[in-house]
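Everything below concerns the one structure shown next.
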Amino acid sequence: MQNFLQILVSGISVGMIYGVIAFGYQLTFATSKTLNFGQGEALTLGALVGFTTVNFLIGMSLGTFWAYILALPLVFAFGLVQGSIVELLGVRQATKIKSEAGWIMATIALGIIFKNIAENVWGKDPLKFPSPVSEAPLTIGGVNVRPMEIIIVVGALAMMLAVELFNRRSIYGKAVVATSNDRDAAGLMGINTSRVITFSYALSSLSAALAGVLIAPITLTGANMGAALGLKAFAVAIIGGLSSGLGVVVGGLILGITESLTGFYFDTGYKDVPGLILLLLVLSFKPAGLFGKAAIKKV
Amino acid sequence: MLEIKNLVAGYGKVRVLNEISISVPAGQLVTLIGSNGAGKTTTLRAVSGMIKPEGGEILLNGRNIAGLASHDITRLGMAHSPEGRKVFSTLSVTDNLLLGAYPRLTKMRPKGDVDADLERMFDLFPRLRERREQLAGTLSGGEQQMLAMARALMLQPEVLLLDEPSMGLAPRLVEEVFATIKRLKAEKITMLLVEQFAAAALEVADYGYVMENGRLAGQGPADKLKNDPAVRAAYLGTGS
Ligand SMILES: Nc1ncnc2c1ncn2[C@@H]1O[C@H](COP(=O)(O)OP(=O)(O)OP(=O)(O)O)[C@@H](O)[C@H]1O
Ligand SMILES: [Mg+2]
C-alpha cells in the first residue's frame, strides 16, 4: 500500500507536467485547428533559458529560491516570443498558401531548428538545474514527497486556472473564446483573429516553457529533454480531448500514474507502453478523447 | 452612409456579383430583395470584408473600405448580423452582447455607456434579458436571431447590415422582428436589410433594390416597388 501511494505521488507530478504541455496543444487547436509539433522543444528552450537565468542570478548572490522566482517572468516572456515566432514564421505561412499539412511540417521543422540552437548554445550534455527548494523529501503519512513535486502540481494548476480566468473574465479572453467558436463571426466583432491565433501560440509556448522549468529541477536539463515529453503530452491531449479543458489534467494523471505503476510492477523499460496502448484504444473507440464531447459545451 | 459602386465579388474563381451599385443614405432603411442564390448574402459579405471584393468601391462615410479586413471595417462602424446567426455558442448571452461592443471596450471606438446599451438591448429583446446567463448555443433559433441583431447593435454602428433577420422564425416572431426594425428606423439607424419576406421588407423600407443572378434587376422607392407589377409577380406573389 505504501509503495502504491509512493508511486501515485511520483505519477501525479509527471502527469501534471504532461497536462500543462497538453494544455498548450489545446490552446492553439481551439483557435486555429493547428498544433505546434515543436512543443517539446519549446519546453527544452524554456528550461534552458531558465537554467541560464537562475545561474546568473545565483551568481549575483541571490538565493536559489528567489533566483528561480525572478527567472520566471523572463522564461514566460521568452516562451511568448518563441511561440509567436512559430506562428508567424511557420503556421501562418503554411496556411496562407492553403497547404493542408504545411503547418505540420513547418512546426516540426522549427522544432528541429530550435533543438539545434539548444545543442549549440547549451551543449549536448545534460545539465543540473539548481533546485529552488530542498531536495530532501518530506514524509507525509509515510509517503515521501519531494517539495518540488508539490510546486509542480501547484504551478501547473495555477497556470491553467489563470488562463481560464482570463478567458472568462476579460474582454480579450472572451475574444479568444469567440475566435475558437466562429472565426468569421469573431472578425465581424472587430476582433483581429490572426492576432488572437498568434497570441494562442505564444501562450502555448509559455505553458511549455513553464512545464520546462517545473520539471527541470527533478530531472536532467538539456537539448533532448523535451522530445519525449512533447510526444507523450500529445498522447495526453488526444486522450483528454483536444477541446476539453479538464480532460488534459485527467489524461495527464492517467498517463503519469500508469507509467510509474508499470515502471514499478513490471519493468522501467516498458514504462512507455501502457500510455501508448491507451492512446491507441482512445483513438479507435473515442476519437474525440475521453472527455471530448461533454466538455465542449461547458468551456 | 454607405455607397457601393460597381461591386464585383465571388468565391475563388466563381464570380457571383457583377457590377452592383447600391446606395444607403444616412438614417435610411434600404432593402435588398431577390430569389434564393441571387447574391444578396454575398453582397453583404463583400461589404463587411468577410470576402475580398474583386472590383469596385465600397464607401463608408466617404472612405473606401473595399479590401480591408473585416475587423478593420467593423472598427470603422459597420455592423453585420450575418446569415445563419453565427452566435458564439459556448459563451453566455451577455458575453455575446459584450463582444458586439468589442471595439468600444478596447478603445478602438468611442466607449460610450456600454452597460446602458446592454440594458437597452434587454428592453428591445426582453427574452434575452431572461436568458442573459444562458449559453447562446442553447437558445432557440428565434432567440439566437434576436441575439445576433442585438449583438450587432452593441457596436453603435454607423451602418447596420441585416441578413434575413426573420429566417426560420414563427410568424409571430417575424412580426416582432419587423417591429424592432421599425423602431431602429425611428432611431435613424442606417440599415441595409436583406429579406426573404419581400412584402414586409418593402413595407418598412425607404428604398429597395431587386437582385437577380448577381445583377441588379430593378430599384426604386419602396412604395413604388411594392406596387410594381413585375416585382409583385416575381417576389410578392401575384395575388397579394
Ligand atoms: N462559400 C461559397 N462558395 C462558393 N459559392 C458560394 C458560396 N456561398 C454562396 N455561393 C454561391 O453564390 C451564389 C449567391 O449566393 P448568396 O448566398 O449570396 O445568395 P442569396 O441571395 O443570399 O440567397 P438566399 O436567399 O438563399 O440566402 C449562389 O449561387 C451560391 O451557390
Ligand atoms: Mg442569403
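What the table shows:
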read-out: Relative contact order of the stretch A:20-236, pairs being alpha-carbon contacts under 8 Å that are 6 or more residues apart, as %; value: 44
read-out: Partners for residue B:5 among aspartates and glutamates (Cα-Cα distance below 16 Å; same-chain residues under 8 apart left out); value: B:19, B:54, B:57
read-out: The stretch B:88-240 - share of DSSP beta bridges that are antiparallel (%, nearest 5); value: 60
read-out: Chain A: DSSP helices with Cα axial extent of at least 20 Å and average Kyte-Doolittle hydropathy no lower than -1.0; value: A:2-32, A:39-59, A:64-85, A:102-122, A:147-169, A:193-215, A:225-240, A:247-265
read-out: Computed helical MRE - 222 nm, the protein assembly as shown, DSSP H runs ≥ 4 contributing -39500 (n - 2.57), nearest 500; value: -18000 deg cm²/dmol
read-out: Under 5 Å, built H, 5+ apart or other chain: amide partners of residue B:212; value: B:217
read-out: All aspartates and glutamates inside 16 Å of residue A:232 as judged from Cα atoms, apart from same-chain residues fewer than 8 positions distant; value: A:41, A:259, A:272
read-out: Cα-centre dipole for the stretch B:45-170 with unit charges at Cβ (Lys and Arg positive, Asp and Glu negative), debye to 20; value: 240
read-out: Given charges at beta-carbon only (K, R positive; D, E negative), |dipole| of the stretch A:20-236 in Debye; value: 360
read-out: Nonlocal amide H pairs with residue B:16, under 5 Å, H built at 1.01 Å; value: B:9, B:10, B:11
read-out: Chain B: DSSP helices with Cα axial extent of at least 20 Å and average Kyte-Doolittle hydropathy no lower than -0.5; value: B:171-186
read-out: Summed residue charge, Cβ within 14 Å of residue B:5's Cβ, Lys/Arg positive, Asp/Glu negative; value: -3
read-out: Signed unit charges on C-beta, dipole axis of the stretch B:86-156, positive-most listed residue B:118, B:102, B:91; value: B:102
read-out: Among the listed pairs B:13/B:107; A:128/A:286; A:96/B:111; B:86/B:185; B:111/B:188, those beyond 32 Å (Cα-Cα); value: B:13/B:107; A:128/A:286; A:96/B:111
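Laboratory data are not the source of any read-out in this text; all were calculated from the coordinates shown. Values in this document were obtained by computation on a predicted structure and should not be read as measured data. Neighbour counts are summed over all protein chains in view; Cβ atoms, including those assigned to glycine, are modelled from backbone coordinates with ideal geometry.
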